[in-house]
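Participant: The structure is given below, and queries will be raised subsequently.
The values are calculated or read from the model by the stated rules, or taken from the named source; none is laboratory data. For clarity, every value in this text was computed on a predicted model and none was experimentally measured. Note: ideal-geometry Cβ built from the backbone for every residue, glycine included; neighbour counts use all protein chains shown. Side chains included, ligands, DNA and RNA excluded: accessible areas come from the protein's heavy atoms. Shrake-Rupley method; radii C 1.70, N 1.55, O 1.52, S 1.80 Å.
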Amino acid sequence: MNTLMQTVVTGAVSGLVIGGLALALAVVYQGSGILNFAQGQFATVSAYLSWQLTTWGLPFWGALVVSTVVSFLLGFAVQQIFIRPVQRADELSILIVTVSLLLIADSLIGSIWGFLPKSLAGPFGEAAYTIADVVFTAQMLAQVVLLVIAIAAVTILFRKTSIGLRMRAAAAAPESSQLSGINLAATLAIGWGVAAAIGAVAGTVSAPVTGLSPDVNSSTLLLGFAAAALGGFHSRAGAVAGGLIVGIGTALAGAYLPGVGDDLRLMIPLLLIVLTLSVTREGVFTRRGTVRV
Amino acid sequence: MTAELRLTAVNAWYGKVQALWNIDLHVRPGQVVTLLGPNGAGKTTLRRAINGTVRRQGSILLDGRPIDTARPHTIARAGIGTVPQDRGTIPGLTVAENLRVGAIAARKRRSGDDRLDEVLTLFPDLAGMLDRPAQLLSGGQQQMLAIGRALIGRPRLLLLDEPSQGLAPIVVDTIFTALKTLATDGLGMLIAEQNTRLGFAIADEVIVLGSGVIRARGTAAELADSPDIQAIYLGGGAP
C-alpha cells in the first residue's frame, strides 16, 4: 500500500466535506456579509434528520433528498426569523446571533436525539477497491460523487439560473438590485437555504464515517473556516479548493509531522487561518478586493 | 403606458435626521421634471423616498395607487425605473447579465420580449461589450448601462439621479440626447441634476430644492428669469 498517496486521497475526500461546508459559509457571506457560526450545526441537524428518516424506514437516498429539501427550508426560515431582524445591525450583534444559534442548535439536538453517539448506516457496505496501490472504499467514492454533484449544482445555480443571477446581483449591489425589482430579503434567505442544503449533503454523506453526535461537525466547521479564509470568503471556487488543501494538509500533518498526530491536527487549520488572514485579508484565491501589505 | 406620479406632503428621514419637509410634486404622464439644487439639497433623498429606500411619510401615488408603504422591489415592478447616483451598475456581472437583472422588474407585467434591441439602438457602444464585466466599463459606458438596465424593465416612469455626474462633456451629450429621445417617445422622467444648463434644457418643469424643502417651481423659462433663484440655489450658473 502506498501510504503517502493513501493519506493524500483520504485527506482529499474529507477535504471535499470541508470544502462543502466552506462553500456554504461563502454563499452566506457573499449574500449577507455574515459569518454563520451555526453553519456546522445546520449540517449536523440535517444529518440527524437523515438518520431519523432511515429509522422510520426510508432508504438512505430518500433520506438524503428529503433532508436536503427540509434543510433548505430550515435555512430559509432561520434567515427570515433570526437574521433578517438584525440584518442592518453591526457585525458584532449578528455574530452574537449566529453563535447563539450554534448553542441553541446544540441543545436542541441533544434534547431531541440525546447526547449519545448514533450511527447512520451508509448503503455502500464494506466494498473497497484498490487502484494504483491506494484503497478506495465505496463510502469514499460515494462521498466524492455526491459532493461533486452538490458543488456542481450550486455552481450551475449561481451561473446559469435567474435565481443565481439575483443572488449574485444582490450580493454585489444590494440597493441597485432592489431598484431593479429584486426582492432582497427573499434572495438573501434563499442563499441561507442553499447553504443549509449544501451542509445537508456534506453532513449526511460523511455521517456513516463520522457517526452522529451533537458536536460531530464542530471541528469540520473550524476546518471549513480555515478553508474559506484560505480561499477567500468571496470566492465559491476558492472555498472548495481551500477545503481540499486543508483536508490534504491536515491529513499529511497528522501522519507525518512528529508530535502532531490525531490530537493536534486541529492546530493546523487554526494556524492556517491566522497565517492567511495576516498575509491577505481576502484569501488567496479571491479575485476582488485588494491585498493588504 | 407612461405613468403619473404624485407626491403630497412627503417627509423623509435618514435615521433620526429629517431630510425632506412637506414635498408636493406632480409628474404628469410623459412629462420631464428636473430637480435642481446644490449638494445636500435633498434631491437624492427625494428620489430614494419615491424608491422606498429611506423612511418616508406622506402620500406617494403612482397612477393613483399608493406606493408610500411598498417595498423597493415592488415599486420597481410597479413601473418605476431608476438610475441611481454613481451609476449603480452591478460589479462582477457582465453587461448582458446587468441587462438581464433589469428585465426582472418587467417580468410580472408580462410585457413580452425584452427591450434589448431598443437599448442597443439607443446606446450602440454597449453592443460590442455584452460579455464584459460591468466594472471594466468607462464611466460613460457604465451610465449607458445603468440607463439601459432601467429601460429594459419597461419603466412607466424613469428616475435619474445626477446622470451627468463625473462624465466628460461629450459623453454627457450622448446621454442627454438619449434622454431627449426617450422623452420625445413619451416616457415620463424625474431627473435630479446639479448641472443647471442641462437641467433647464430638458425640463418641462423645474423644481428647485434647498435644505430639504421646495424653494421654487416653474417652467424653465419662468425660473431662468428669476435672478434670486440663480444666486441663492444655483450658484449663479447661467441657464
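Participant: Accessible area per residue for chain B in Å², computed with a 1.4 Å probe and the full protein assembly in place, what is it?
Facilitator: 42 Å²
Participant: So who's got an amide H within less than 5 Å of the one on B:LEU159, skipping anything under 5 residues away but keeping other chains? H placed 1.01 Å off N, in plane.
Facilitator: B:GLY81, B:THR82, B:VAL83, B:LEU190
Participant: Right, next: Points 7 angstrom from Cα along the Cβ direction at B:SER211 and B:ARG132: gap in nanometres?
Facilitator: For B:SER211 paired with B:ARG132, the spin-label model returns 4.5 nm.
Participant: Right, next: Rounded to the nearest 100 Å², what is the sum over both chains of accessible area buried where A meets B, with a probe of 1.4 Å?
Facilitator: 1800 Å²
Participant: Which helices, taking whole DSSP H runs in chain A, have alpha carbons extending 20 angstrom or more along the helix axis plus mean Kyte-Doolittle at least 0.0?
Facilitator: A:3-32, A:39-55, A:60-78, A:91-113, A:138-160, A:184-210, A:236-256
Participant: Nearest 0.05, what FRET efficiency do A:LEU103 and B:ASP185 give at R0 = 56 Å with Cβ-Cβ as r?
Facilitator: Once rounded, the FRET efficiency stands at 0.40.
Participant: Can you say what percent of the DSSP beta bridges in the range B:5-233, counting only those with both residues inside, are antiparallel? Round to 5.
Facilitator: Around 55 percent antiparallel, to the nearest 5.
Participant: Find the all-direction average of the projected area of the Cα convex hull for the range B:1-83, expressing the result in square nanometres with one decimal place.
Facilitator: 5.3 nm²
Participant: Further, regarding this structure: Need one number: nm distance between label points at B:LYS16 and A:VAL274, each 7 Å from Cα along Cα→Cβ, rounded to one decimal.
Facilitator: So the two model labels end up 4.2 nm from each other.
Participant: Report, for the protein assembly as shown, the % of DSSP beta bridges that are antiparallel, rounded to 5.
Facilitator: Rounded to the nearest five, the antiparallel share is 60 percent.
Participant: In the full protein assembly as shown, how much of B:SER211 is accessible to a 1.4 Å probe, in Å² to the nearest 10?
Facilitator: 80 Å²
Participant: Here's another thing I want to ask about it. In nm², what is the average projected area of the convex hull enclosing the Cα atoms of chain A?
Facilitator: Mean shadow area of the hull around the Cα atoms is 16.2 nm².
Participant: Further question: Counting residues in the protein assembly as shown as N, plug N into 2.2 N^0.38 Å and put the Cα Rg over that result.
Facilitator: That works out to 1.16 for the protein assembly as shown.
Participant: Let me ask you something else. Return, for the Cα atoms of the range A:82-209, the radius of gyration and Dmax in Å, separated by a comma.
Facilitator: 19.6, 58
Participant: Distance from the Cα centre of the range A:33-68 to that of the range B:147-164, in angstrom?
Facilitator: 45 Å
Participant: Run a plain Debye calculation on the range B:83-155 (Cα atoms as equal point scatterers, no solvent) and give log10 I(q)/I(0) at q = 0.11, 0.28 Å⁻¹, rounded to two decimals, same order as the q list.
Facilitator: Values returned for q = 0.11, 0.28 Å⁻¹ are -0.22, -1.36.
Participant: Here is a further query. Under 5 Å between amide hydrogens, which residues at least 5 positions from B:ILE23 or on another chain qualify, with H placed 1.01 Å from N in the peptide plane?
Facilitator: Residues meeting the amide H criterion: B:ALA9, B:VAL10, B:ASN11.
Participant: Same structure, new question: Taking all protein chains in place and a 1.4 Å probe, what share, in percent, of the accessible surface of the range A:216-265 do carbon and sulfur account for?
Facilitator: C and S fraction of accessible area: 64 percent.
Participant: Explain nothing, just compute: Karplus ³J(HN,Hα) = 6.51 cos²θ - 1.76 cosθ + 1.60, θ = phi - 60°, for every residue of the range B:167-183 in order, whole Hz, x for Gly and Pro.
Facilitator: Listing the rounded values in order: 10, 5, x, 5, 6, 4, 4, 4, 4, 6, 4, 5, 5, 5, 4, 5, 5 Hz.
Participant: Please report how many Lys pairs in the protein assembly as shown have alpha carbons closer than 30 angstrom, counting only residues at least 8 apart along the chain or sitting on separate chains.
Facilitator: Final tally of qualifying lysine pairs is 5.
Participant: Another question about this same structure. If you take the alpha carbon radius of gyration of the range B:36-77 and divide it by 2.2 N^0.38 Å, what ratio comes out, to two decimals?
Facilitator: Cα Rg divided by the expected 2.2 N^0.38 Å: 1.21.
Participant: Over the alpha carbons of the range B:120-224, what is the largest minus smallest coordinate on each principal axis, giving the biggest first in Å?
Facilitator: Extents along the principal axes, in whole Å: 45, 27, 24.
Participant: First obtain the Kirkwood hydrodynamic radius of the range A:1-93 from its Cα pairs, then insert it into the Stokes-Einstein equation at 20 °C and 1.002 mPa s, and state the resulting D in µm² per second as a whole number.
Facilitator: Here the translational diffusion coefficient equals 139 µm²/s.
Participant: Suppose accessible area is computed on protein heavy atoms with a 1.4 Å probe; arrange B:VAL54, A:VAL145, A:VAL8 from highest to lowest.
Facilitator: So the residues, ranked largest to smallest area, are A:VAL145, A:VAL8, B:VAL54.
Participant: On a 0 to 90 degree scale, rounded to 10, what angle separates helix B:139-152 from the longest Cα axis of chain B?
Facilitator: 80 degrees
Participant: Using a probe of 1.4 angstrom, how much of the accessible area of the range B:5-233 is carbon and sulfur, in percent?
Facilitator: 50 percent
Participant: I'd like to check one number: the per residue accessible area of chain A, probe 1.4 Å, reported in Å² as a whole number.
Facilitator: 45 Å²
Participant: Tell me which residues come under 5 Å, amide H to amide H, from B:ALA216 once H is placed; ignore anything under 5 positions away on its chain.
Facilitator: Answer set, sorted by chain and number: B:VAL208.
Participant: Additional query: Expressed as a whole percent, how much of the Cα-Cα distance distribution for the range B:5-233 exceeds 30 Å?
Facilitator: Beyond 30 Å sits 21 percent of the P(r) for the range B:5-233.
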